[in-house]
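Below is one structure, written out as structure tokens; the observations come after it.
Derivation of every value follows stated rules applied to the coordinates shown; laboratory data play no part. All values reported here derive from a predicted model rather than from experimental measurement. Please note: Cβ atoms are built from the backbone with ideal geometry, for glycine as well, and neighbour counts cover all protein chains shown.
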Amino acid sequence: MAAVVHLVAGARPNFMKVAPLYKALQRERWCRLVLVHTGQHYDWEMSDVFLRDLGLPPPDLALGVGSGTHGEQTARILMAYEKELLAERPDWVVVVGDVNSTLACALAAAKLGIPVAHLEAGLRSWDRAMPEETNRVLTDHLANLLWTPSLDAGENLQREGIPSQRIERVGNIMMDAYEMLRPRIEEKRAADALGLSPRGYGVVTLHRPENVDHPERLTTIVGALAETARLAPLVFPVHPRTRARLESGGLGIRLESAPGVRLLPPLGYVSFMALVREAMFVITDSGGLQEETTYLGIPCLTLRAATERPVTVTQGTNRLISPEGLRPAVEQVLKGAWPRSRCPELWDGCTAGRAARSLAARVEASSDP
Ligand code: UD1
């Protein structure tokens, strides 16, 4: 009989990690896949457009939990998912990334003794003030199989005492999603559509609580963006959390009216990657974008004090900067004085296949008499 494998997604950055793995596992005869969507993100532009772009079917299980405080959201997912696990017990649960859905579903499964695989394991920012860091650490310690994207991630796990036989380096799944959709991304003329010239603008994304939830910090960032837009136009697809903070602080109008700044609604995967691919630089606090820019060789200015993805700095185009450092950094980009990237090992578009083979081996081992 085929092994039942749950593949869990909940929030925007999960969908591009789940999609390549879904495709790889769908081909396997040993496996019956169940796509689980917790509903942590629910708006069309935060969820459905990604399912559509990435060719994912409607979820088999939709938990519909919605927004809330961390405790509420995590608890609602835990309760709703446990009910599903009790109704039909899968052989494996696969979780990805570091959002609340990742931790809640891993915990629900672990408590019932159902083995958990974590894709994108071992990343550490060493900053416990980030909710994602708590999610990463706890998920890794609940997981039976830890798929890491890079060498440093495996080293972090070993230092934390996780047995090495649980850890497998499979590479970075984000590149699989990009390669899967490369033709569609490349045929889109994103810059043209906005009246911009390719390599003539910067893309901005910001949504981390540390940047947008504190009015003083957000005011400084808005000022720095307005200054930077004098050097090159900035296109900013605004996350709902950020939109709410900008509006409540009266900063939205200031940003919108700054010369050179263009605010957009959140974009789907293909439209967004098309915009990034043609950009001169990216300003962000996202995790995935630090990796995508390294892969594409585009300068990435990360408005954070730490990164859980250090290879994007040591081998890639990523630099951590403060709001005050933004304008000087863009001046450097304009002068062509930005470091080039070397693509990290196993960021090759074949990660989903490696993860699928790894899971097949574990399933086979557990069914041996
Ligand atoms: C979550 C993840 C973060 C990830 C980000 C990507 C956690 C702890 N955080 O943060 O790691 O980088 O997603 O987007 O899991 N909202 C909508 N529509 C939606 C979803 C949310 O309007 O479809 C609004 C709600 O007002 C909500 C707020 O955005 O309260 C924040 O959403 P939430 O899922 O709590 O956190 P994110 O900031 O999106």
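Of all lysines in the structure, those lying under 24 Å Cα to Cα from Lys23, and not within fewer than 8 positions of it along the same chain, are Lys188.
Over the residues of the range 58-110, compute the C-alpha Rg and express it relative to 2.2 N^0.38 Å. Intermediate results must be reported in sequence, preceding the final value.
Values: Rg = 10.7 Å, N = 53, 2.2 N^0.38 = 9.9 Å.
Here the Cα radius of gyration is 1.07 times the empirical estimate.
Judged by the mean number of other Cβ atoms found within 10 Å, the most tightly packed of the peptides 101-111, 332-342, 311-321, 259-269 leads the ranking 101-111, 311-321, 259-269, 332-342. Across all directions, the average flat footprint of the convex hull enclosing the Cα atoms of the range 208-298 is 5.6 nm². Quick check: the angle from helix 12-26's long axis to the longest principal axis of the chain, C-alpha only, nearest 10 degrees? So the helix axis and the longest Cα principal axis differ by about 40 degrees. Among Ala193, Ala117, Ala244, the residue with the largest mean-square fluctuation in a Gaussian network model of the chain, with springs joining Cα atoms closer than 10 Å, is Ala193. Computed over the alpha-carbon atoms, the chain gives an Rg to Rh ratio of 0.96, Rh here being the Kirkwood radius from the mean inverse distance. Close amide-amide hydrogen proximity is noted between Cys31 and Ala3, each under 5 Å apart and 5 or more residues distant or on a separate chain (H modeled in the peptide plane; Pro and chain starts excluded). Highest GNM mean-square fluctuation among Asp53, Asp192, Asp213, for the chain modelled with Cα contacts below 10 Å: Asp192. The mean sequence distance of close C-alpha pairs (under 8 Å, at least 6 residues apart), as a share of the length of the range 224-294, puts its relative contact order at 34 percent.
Under 5 Å between amide hydrogens, built in the peptide plane, is the criterion, and for Ala121 it picks out Trp147, Thr148 among residues at least 5 positions away or on other chains. Separation of the range 1-29 from the range 40-84 is 14 Å, based on Cα centroids. Stretched out fully, how many nm does the piece from Arg32 to Leu194 gain, at 0.36 nm a residue minus the Cα gap? This chain segment gains 54.0 nm when fully extended.
Principal-axis analysis of the Cα atoms of the chain puts helix 70-87 at an angle of about 30° to the longest axis.
Descending by average beta-carbon neighbour count within 10 Å, the peptides 196-204, 180-188 line up as 196-204, 180-188, the highest first. With neighbour counts taken as other beta-carbon atoms within 10 Å, the residues Phe236, Phe15 rank, fewest first, as Phe236, Phe15. The phi-based Karplus calculation (6.51 cos²θ - 1.76 cosθ + 1.60; θ = phi - 60°) puts the 3J(HN,Hα) values of the range 305-319 at 8, 8, 10, 7, 10, x, 5, 5, 8, 6, 10, x, 9, 8, 9 Hz, whole numbers, x for Gly and Pro. Here the label points at Arg243 and Ala87, each 7 Å from Cα along the C-beta direction, are separated by 3.1 nm in the simple model. Max-minus-min Cα coordinates of the range 261-369 on each principal axis give 64, 31, 22 Å, with the largest extent listed first.
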